[in-house]
Protein chains: 2
Amino acid sequence: MKKGTWYFEDFYVGQEIPLGCRSVTEEEIVAFATQFDPQPFHVDRDAASASIFGEVIASGWHTCSMMMRMVVDSVLGASSSMGSPGLDKVRWQQPVRAGDTLTVSYITTAVKASSSRPDRGVVWSTWQALNQRGEVACIIEGMGMFGRRPKEDGDA
Amino acid sequence: MKKGTWYFEDFYVGQEIPLGCRSVTEEEIVAFATQFDPQPFHVDRDAASASIFGEVIASGWHTCSMMMRMVVDSVLGASSSMGSPGLDKVRWQQPVRAGDTLTVSYITTAVKASSSRPDRGVVWSTWQALNQRGEVACIIEGMGMFGRRPKEDGDA
């Protein structure tokens with residue numbers, strides 16, 4: 001693993017990692033939804049304006065996937081990540097509209113070394129996306145499995 | 001709404017709706033992950049073969065998104081869907097590999113008419129994806145908001 005890699009030992013309860021911000025365009029919203037979630041209010045401007053949302057909104061899966069990309073760019077991409085067993089909660093609290101900018105943070109809520117497998121541990125985290133009005137647009141509570149830092153890698 | 005539309009009243013506890021099956025290719029796995037989850041074991045064949053997974057596996061978000069598309073094709077696409085407040089659980093129980101075929105079903109677990117808004121209700125459901133070996137690859141427990149059937153639409 002290269003220098004700067006995140007290992008299990010680098011996560012601690014209360015840790016908040018800012019992941020930056022990301023805007024989304026109508027083109028991106030429609031492209032994702034056309035492939036994975038072609039409900040009228042995600043892909044059809046006219047149908048969306050007649051819906052309770054008033055305009056095209058992002059698929060919740062798209063919002064989560066955009067947040068995932070930000071977690072990978074800042075944390076998982078240079079880490080000992082061994083994948084995830086799953087999520088404990090997702091809440092889509094505000095529609096994500098074209099032109100919205102999401103500011104995302106990763107908050108560590110629990111860590112537990114594996115008792116059966118000494119080479120790894122589980123990190124629980126909450127990912128929060130605020131829109132440009134400061135409203136919570138999406139919250140994800142999930143788990144990730146991480147390898148422990150090898151002894152020769154300068155474990156203090 | 002057109003004939004055959006799913007309204008809130010069409011869901012009941014214990015209902016199981018088969019959504020068919022869907023195979024996934026390495027090209028699709030890499031394309032999704034390149035955009036949203038570029039961890040080495042999702043996008044890089046060599047890195048993946050050195051990982052605990054042994055070969056490229058689908059991003060969990062990709063698996064969920066593929067399942068979503070199947071739910072839209074069979075249910076939500078012709079429904080009074082008003083979006084979703086969120087999910088209560090996701091479990092990625094088996095890696096999804098190139099060439100795997102997922103057989104997906106939608107199981108209604110609870111229904112509740114809104115007390116404050118007489119035009120809608122919430123449906124809780126479990127979506128289950130089995131792979132071609134009959135193993136549960138992914139389970140999603142979530143909610144959807146649906147409009148109630150209009151009186152003039154033949155509400156019995």
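The values are calculated or read from the model by the stated rules, or taken from the named source; none is laboratory data. Nothing here was measured: the structure is a model prediction, and the numbers come from that model. So basically every Cβ, Gly included, is an ideal-geometry build from the backbone, and we count neighbours across all protein chains shown. We work out accessible area using only protein heavy atoms, side chains counted, and drop any ligands, DNA or RNA first. Shrake-Rupley method; radii C 1.70, N 1.55, O 1.52, S 1.80 Å.
Assorted remarks:
- Inspection of the range B:135-149 identifies at least one residue that is within 14 Å of chain A (Cβ to nearest Cβ), within 28 Å of B:ALA31 (Cα to Cα) and charged (D, E, K, R).
- For the range A:74-131, the candidate set comprises residues that are of a type in the set (S, T, N, Q) and in contact with a Cys (Cβ under 6 Å, 6 or more places away or on another chain); within that set, the residue that is nearest to A:MET143 (Cα to Cα) is A:THR103.
- On the stretch given as the range A:1-36, residues that are acidic (Asp, Glu) and either open to solvent by less than 40 Å² (accessible area, probe 1.4 Å) or under 30 Å from B:MET66 (Cβ atoms) (or both) total 3.
- The range A:83-141, subset more than 12 Å from the chain's Cα centre (by Cα) and of a type in the set (Asp, Glu), residue least open to solvent (accessible area, probe 1.4 Å): A:ASP100
- Answer residue from the range A:49-63, given it is aliphatic (A, V, I, L, M) and under 15 Å from A:ASN131 (Cα atoms) and is nearest to the other protein chains (Cβ to nearest Cβ) among those: A:ILE57
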